[in-house]
1. From the list Glu92, Glu80, exactly one residue is more than 30 Å from Asp123 (Cα to Cα), of a type in the set (Asp, Glu) and modelled with pLDDT of 80 or more. Which is it?
2. Which pairs do you get when a residue that is under 11 Å from Gly121 (Cα atoms), found in region 63-76, comes within reach of a residue that is of a type in the set (D, E, K, R) and in a helix (DSSP H, G or I), reach meaning Cβ atoms under 6 angstrom, with the pair 6+ apart or on two chains?
3. Of the conditions (1) surrounded by 10 or more Cβ atoms within 10 Å (Cβ to Cβ); (2) at pLDDT 85 or above, Asp45 clears all except one; give me its number.
4. Quick one: would you say Leu7 is of a type outside the set (D, E, K, R), at pLDDT below 90, over 30 Å from Gly121 (Cβ atoms) and surrounded by 10 or more Cβ atoms within 10 Å (Cβ to Cβ)?
5. Scan Leu19, Leu69 and give me the residue that is on the phi < 0 side of the Ramachandran plot and either modelled with pLDDT of 85 or more or charged (D, E, K, R) (or both).
6. Since Gly50 meets every condition but one in (1) modelled with pLDDT of 85 or more; (2) on the phi > 0 side of the Ramachandran plot, which condition does it not meet?
Amino acid sequence: MDTGGSLALYAPIVGLFVLAAAFAVFSVGAAAFVGPKRYNKAKLDAYECGIEPSPQATGGGRFPVKFYLTAMLFIVFDIEIIFLYPWAVANEALGLFGLVEMVLFIGTVFIAYAYVWRRGGLDWD
């Protein structure tokens, strides 16, 4: 069994990873030496879109649950849509069975989307 030929196929990918890692390490190292060292109070303060930062509680303060719900909805619908890519690639090989399964899947996603929309989960009040 000759594994030397098959491992040689991965050499460009490994080389690209090594080059990317070397560039990242060089950039971080060079920034420490080349970058300006003039710090003042304004540069060391937190920046919040030009607004003076408000003091927060020791625990970091509380975010409204709406932010988390919006993030979870994005993740759920984003992951569901990603399942369409393998189907699009293997569409002809799956035939009628694949078409019926995808119609059922898209219908389920649409029902969930309509439910969330009806319940006001997509409103930014």
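1. Exactly one of Glu92, Glu80 is more than 30 Å from Asp123 (Cα to Cα), of a type in the set (Asp, Glu) and modelled with pLDDT of 80 or more, namely Glu92.
2. Within 6 Å, no pair qualifies.
3. Only one criterion is unmet by Asp45, namely (2).
4. Yes: the conditions hold for Leu7.
5. Leu19
6. The number of the failed condition is (1).
The values are calculated or read from the model by the stated rules, or taken from the named source; none is laboratory data. This is a predicted model, so every value here is computed, not measured. Here the Cβ is made from the backbone with ideal geometry for all residues, glycine too, and neighbour counts use every protein chain on show.
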